[in-house]
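Participant: Take this structure first; my questions come after.
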């Protein structure tokens, strides 16, 4: 542990969150690394709040809470045994006899005793955190039995952390929370206590896998697979007590870079042997290693195209090496031409993932997960959902979200992403009432690719730069456990944990105020930034703040085509790039026409005149003015509301958020004025309400 | 000397340039460090081309060339003495009895002997380089006597070199020629032979002063004044043999940063004492130290405003400390609000230097030189000449030029700046026929502030990145010696030296081709970039390539206000910012009206409709299209012409230029298409010639 570490914020696990549990008499029954973790957690809570703890006692004790592994045998304790039996009976009833699995648990009340049962230690740990979340309600005698199992087997965070500081991207690519938790200046950061604390927070949210280095793999990072594997093993050791498995981003060119081979051709025998042998050495060192994450043939990263092979060849090469050990390959579908010519209107970056990958459906090995960004372009505040999810039935697809707020305010703006992710997860690509994106990610019998997100965490004392951005991380974990949950309910859960009752605060008032600030903050952010789904309009490079033409003449394939008459990208089949036709018929038809296309993605699919009338009755140009004025007013209201919390919450949190709200007001005003002025100069149409446009 | 230094290009001093001199019998007469330099130069040339050299011989010799200090005494050589007497007689006749001064010389023919006379060793060195430039013509029996003295006493280059690599600006701010000649990664680069070679080139161009570190002075660089003064002294030692004095950019906060004082208030007694004592120590170490260069209260640099003092107080503080030693302060007039609000149309950055400094006229000590950028904004391809030059008659004003091509193609584009500098120097701010900018820089009896330029040199093997950019450096030196010279004549001089006759080339053909490529290259660059003097439209930050709106909503005060109806900045007195009124009456009136304002700066002074008809008969919008199409065609012609030189010149030069011409064609095309598309989208006016606008 380093000295002089600034005090690290407890996030959603403040000691007070354990207040109800900690005052109880608790019996833990079972053995294993994660059972020890449960014991540690319970012991710490009880030491603070006056409770007591026993571990598989050989004498009779009176208890309020039992946390037991089902196979751990009987105890000399009639009351406990009765409670366990009651739990087993309840499980048989509500669980249809299915096992709880590696991570599931049962919660039941039997008279005065609360029982948590699990098949495996990880389940017991998740059960413990469930008791923490429920607080006093876990001990409510009238509580009916509950069975919990994660919908998704793998709930994964990707760290875009560089080991060596990248000359452009720094220590963490798109990181807005200080440095890396794992790395600093080319070496491990050396604070394994912080890594363990991180694992604890993640486990309490539901996350069970992380990749520890950036998908853009440079020379130093490539070595993690071989020479520097020990650094990865140390992280794995620190996270294992919280049930978190470690994955590694690897370079597809590793056989050349590290192995000294002359090729990385996936069909070359020597290359295959190299991956098999290298992977075996990884598992020798880290037996529960998760697998590889690969960004190939994208934005300069090497890949199978170099050898005239396709991405199924590439992914299967690594999958074959991982299969004997139970590992998976996460293969990113983010492949597009990043040297596009803005003059060329026929190429459409939105089409790229579909065009590249759907022909390969069915060709990937079963331990390949194709990791698909939620939208067809790049993590915008609003995009249509990627059509790839409806087009690869024979491939395990993971939904890739971005918790780090690259395009959504960079943790200087409050932008709670839960509602957006909820919309994505509930989107039914085959039409209303059909299967949803959540269903695709879960897959048949849970065989889907799961949820993956680029994390927003760093070595910042608040973990996420903006203290309220912790909610995005927490929400991701909870949605990955149960993608059908209401994100606002999750947000409430986060608030209850993070802002416990205190002597100076009315917890209900705090919660209500936080809801007023956060619930609609994503839509507020959408209002004052790029309009109607057109995307980008951000400052190139750092992606922060407005620059309407910033990407308009660039090589990145991200244009809005605004001229004096109108704005938007024609992606229809009839007259545009044809992207709308990548959807199944229902949506292909809806998106095809500006008459039926939903307002919020109108400019993503159509180039329309400024006078075009939206479904909401406003013209496009008036909508731009109205939403931009409204958005800034809403941010000002946010700031006013936040100020009412002064003195009621942790002052360090209060101050940090207050500072960032000042910046959010400044930046939102800049967005409003630049966007309004830009479109007024182009269209010449005055604001119907005569407000100030510069 | 480091090993493995790539071979450094000889620039305008290839051995062949000495071919005529080197075949002669040469007598050097006099003593001194710079006389030794002359001897070295002559000896090297004669060793190569078969000539002979004597230094103040005590016996009679036959000679073709005498280089003699006037006060060096008689020689036992009747022919030489006769030639010297003839020279003295010629000097008396053409020089009106005035001394030659520290740097002047006389060139005369007496029968078979060419005589160079000088009052001081530096004059002898400049005389030698004149003989080199003249080549065989220096030995033409019919050559009449010539007397040369620099119009400007100080001919200075500013290096924006950082000692430590700056996180944003790198080793050299706005440097496009590799690293620094002086510094690398926080320490001296350690190649004093290269520094000496650099001094030799500069002396042959006429430059006699350089500042060795960036005007943005960070912590490491501040230390050059005190702890690291030895590093500066080493550079001074290496440059002294070529008559080049070293200046230092200092931080106005140095008394606080380095001296541990609590203030840097220029009226504080302790601060004055600190500067006096510190400056004395500088001169103890470097007796011919030139002085200080200061960027104060500008773009984040500290300055007297912090203490409620003005810039005269600030500059005089340093001037007072330097005065006893003969040093000068160069005080930059580049002070403006760099946190401007783009919504605020009343503030005008163009006004800033005038508004800040003209009230101080007459208050600066005589050893203060106010260093004023040629234009009111920032080194654009085209700006009106700064009105400050006509507004401070009681202040020594230096004209600051930018040899490094920050906004003019960054030494990837051929852009010969001589014609532009010529226009600036010949501009008559009080009206046609009146005194010019050159006259102001020269001043009464040579008391003006001289010429200063930000250099384009670095540790690149060609010194300047683009081999043809050497011409800009050479031209600056020659214009600083004689600001009334025709820049194209100087360019011809540079070509003759740099591309000597060879076995494979017709030197006339090479020269003619180079003239075709370079003479009009600045106007070509102007054609394909920002139109009609409006400026900027460059990519923010790196300032390379087009981004029409790149600075439109920024804090830098650089806007074009293009909307669907028109473009340009109203700087008139009647309806605009009033900047036009900063000129004396003649130009104030000319610039005031779009009817009289010259086309090339129309959009600098006026916001006009796209349909506005220029003096050249074209509309603004058609002019934009026409010049942009023409500019690219001209660059393509440049490239074609360059290719005809393949095999005729040094292949490394050929290849480097050929590569950069490919980039220039690409980038010019990008400029054309982005600018044309931008204005077509805004104006909706089609090209009258129906050419392709994307």
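Coordinate-derived values only; no laboratory data. In this text, all values refer to a predicted model and were calculated from it rather than measured experimentally. Glycine also receives a Cβ, built like all others from the backbone with ideal geometry; neighbour counts cover every protein chain displayed.
Participant: Looking at the square roots a ≥ b ≥ c of the eigenvalues of the Cα gyration tensor of segment B:155-486, which shape do they give, rounded for a/c under 1.5, prolate if a/b is larger than b/c, or oblate?
Facilitator: rounded
Participant: Take the alpha carbon gyration tensor of segment B:330-445, find the square roots of its eigenvalues, order them as a ≥ b ≥ c, and report rounded if a/c is under 1.5; if not, report prolate when a/b exceeds b/c, else oblate.
Facilitator: oblate
Participant: What nm distances, shortest first, do you get from the label point of residue A:262 to those in the other copies when the point sits 7 angstrom along Cα to Cβ?
Facilitator: 7.5
Participant: Right, another one. Above 61 angstrom, tally the Cα pairs of the protein assembly as shown and express them as a % of all pairs, no decimals.
Facilitator: 27 percent
Participant: Okay, helix-only estimate at 222 nm for chain A: each DSSP H run of n ≥ 4 adds -39500 (n - 2.57), divide by all residues, round to 500 deg cm²/dmol; what do you get? All intermediate terms of the calculation are to be shown ahead of the outcome.
Facilitator: Working: 21 runs with 248 residues, N = 694.
Here the helix-only value at 222 nm equals -11000 deg cm²/dmol.
Participant: Take the Cβ-Cβ distance between residue B:98 and residue B:516 as r, set R0 to 60 Å, and report the resulting FRET efficiency rounded to the nearest 0.05.
Facilitator: 0.90
Participant: In nm², what is the average projected area of the convex hull enclosing the Cα atoms of chain A?
Facilitator: Hull-based average projected area comes out at 30.5 nm².
Participant: Please compute the contact order of segment B:17-95 in relative form: average sequence separation of alpha-carbon pairs under 8 Å and at least six residues apart, divided by the residue count, as a percent.
Facilitator: RCO, segment B:17-95: 34 percent.
Participant: A follow-up question, please. Spin-label point model (7 Å from Cα, Cβ direction): what's the residue B:447 to residue B:361 distance in nm?
Facilitator: 1.6 nm
Participant: What is the average number of partner chain Cβ atoms found within 10 Å of a Cβ in B:549-560?
Facilitator: 3
Participant: Moving to a separate point now. Need the C-alpha centroid separation for segment B:562-608 versus segment B:134-192, integer Å.
Facilitator: Comparing the Cα centres of segment B:562-608 and segment B:134-192, I get a distance of 37 Å.
Participant: Would you mind checking the tilt of helix B:651-683 against the longest principal axis of the Cα atoms of chain B, expressed as 0 to 90 degrees and rounded to 10?
Facilitator: Taking the Cα atoms of chain B, the angle to B:651-683 is about 20 degrees.
Participant: Helix A:78-94 sits at what angle to the longest principal axis of chain A, using alpha carbons and giving 0 to 90 degrees rounded to 10?
Facilitator: The answer is roughly 40 degrees.
Participant: Something else about it: What does the average come to when, for each residue of peptide A:539-546, you count the partner chain Cβ atoms lying within 10 Å of its Cβ?
Facilitator: 1
Participant: Here's another thing I want to ask about it. For residue B:98, go 7 angstrom from Cα along the Cα-to-Cβ vector, then report the distances to that same point in the other copies in nm, smallest first.
Facilitator: Values, ascending and in nm: 10.1.
Participant: Let me ask something else. Figure the gain on full extension for residue A:644 and residue A:430 (residue separation times 0.36 nm, minus the Cα-Cα span) and round it to one decimal in nm.
Facilitator: 72.5 nm
Participant: Quickly work out the residue B:25-to-residue A:192 label distance, labels modelled 7 Å from Cα along the C-beta direction, and quote it in nm with one decimal.
Facilitator: So the two model labels end up 8.7 nm from each other.
Participant: With the contact rule set at Cα under 8 Å and sequence spacing of 6 or more, what percent relative contact order holds for segment B:201-338?
Facilitator: Relative contact order here is 24 percent.
Participant: Which of rounded, prolate, oblate describes segment B:15-148, given a ≥ b ≥ c as roots of the alpha-carbon gyration tensor eigenvalues and a/c under 1.5 marking rounded, otherwise prolate only if a/b is larger than b/c? All intermediate terms of the calculation are to be shown ahead of the outcome.
Facilitator: Numbers: a/c = 1.33, a/b = 1.27, b/c = 1.04.
Rounded is the answer for segment B:15-148, as its axis ratio a/c remains below 1.5.
Participant: Assuming R0 = 51 Å, can you tell me the calculated FRET efficiency for the pair residue B:219 and residue B:60, based on Cβ-Cβ distance, to the nearest 0.05?
Facilitator: The computed FRET efficiency comes out at 0.25.
Participant: Okay, moving on. Suppose you put the label 7 Å out from Cα in the Cβ direction; list, shortest first and in nm with one decimal, how far residue B:489 is from each other copy's label.
Facilitator: Going from nearest to farthest copy, the values are 8.9 nm.
Participant: Taking a virtual spin label 7 Å from the Cα of residue A:285 along the C-beta vector, which residues in segment A:157-193 bring their backbone nitrogen under 18 Å of it?
Facilitator: Output list for this probe position: A:162-164, A:182-184, A:186-192.
Participant: How far apart, in nm, are two points set 7 Å out from the Cα along the Cα-to-Cβ line at residue A:269 and at residue A:394?
Facilitator: About 2.9 nm separates the two model spin labels.
Participant: Sort B:395-405, A:542-552, A:142-152 for me by packing, meaning the mean count of neighbouring Cβ atoms within 10 Å per residue, highest on top.
Facilitator: Packing proxy ranking, top to bottom: B:395-405, A:542-552, A:142-152.
Participant: For chain A, take the longest principal axis of its alpha carbons; what is the angle in degrees between that and the long axis of helix A:311-322, to the nearest 10 within 0 to 90?
Facilitator: For helix A:311-322, the angle is close to 10 degrees.
Participant: Please report the antiparallel percentage of the DSSP beta bridges confined to segment B:155-486, to the nearest 5.
Facilitator: DSSP beta bridges in segment B:155-486 are roughly 10 percent antiparallel.
Participant: Continuing with the same structure: What's the extension gain from residue B:8 to residue B:169 if we count 0.36 nm per residue and subtract their Cα-Cα distance? Can you show the working numbers first?
Facilitator: Numbers: separation 161, 0.36 × 161 = 57.96 nm, distance 2.49 nm.
Stretched out fully, the residue B:8 to residue B:169 stretch lengthens by 55.5 nm.
Participant: Let me ask something additional. Looking at the protein assembly as shown, what % of its DSSP beta bridges pair antiparallel, to the nearest 5?
Facilitator: 30 percent
Participant: Count the DSSP beta bridges whose two residues both fall in segment A:15-148, then state the antiparallel fraction as a percent rounded to the nearest 5.
Facilitator: If I count the DSSP bridges inside segment A:15-148, around 40 percent turn out antiparallel.
Participant: Students often check this: by mean Cβ neighbours within 10 Å, which of B:464-473, B:683-692, A:52-61 ranks highest, and how do the rest follow?
Facilitator: My ranking of the peptides, most packed first, is B:464-473, A:52-61, B:683-692.
Participant: Moving on. Give me the number: length gained by fully extending residue B:89 to residue B:130, i.e. 0.36 nm times residue separation minus the C-alpha to C-alpha distance, one decimal in nm.
Facilitator: Values: separation 41, 0.36 × 41 = 14.76 nm, distance 2.05 nm.
That pair, residue B:89 and residue B:130, stretches by 12.7 nm at full extension.
Participant: Now for a different question. Relative contact order of segment B:460-560: what whole-number percent is it, with Cα pairs under 8 angstrom and at least 6 residues apart?
Facilitator: This gives 12 percent for segment B:460-560.
Participant: Here's another thing I want to ask about it. Evaluate E = 1/(1 + (r/R0)^6) for residue B:44 and residue B:575, where r is the Cβ-Cβ distance and R0 equals 56 Å; express this FRET efficiency to the nearest 0.05.
Facilitator: Values: r = 64 Å, r/R0 = 1.15.
FRET efficiency, residue B:44 to residue B:575: 0.30.
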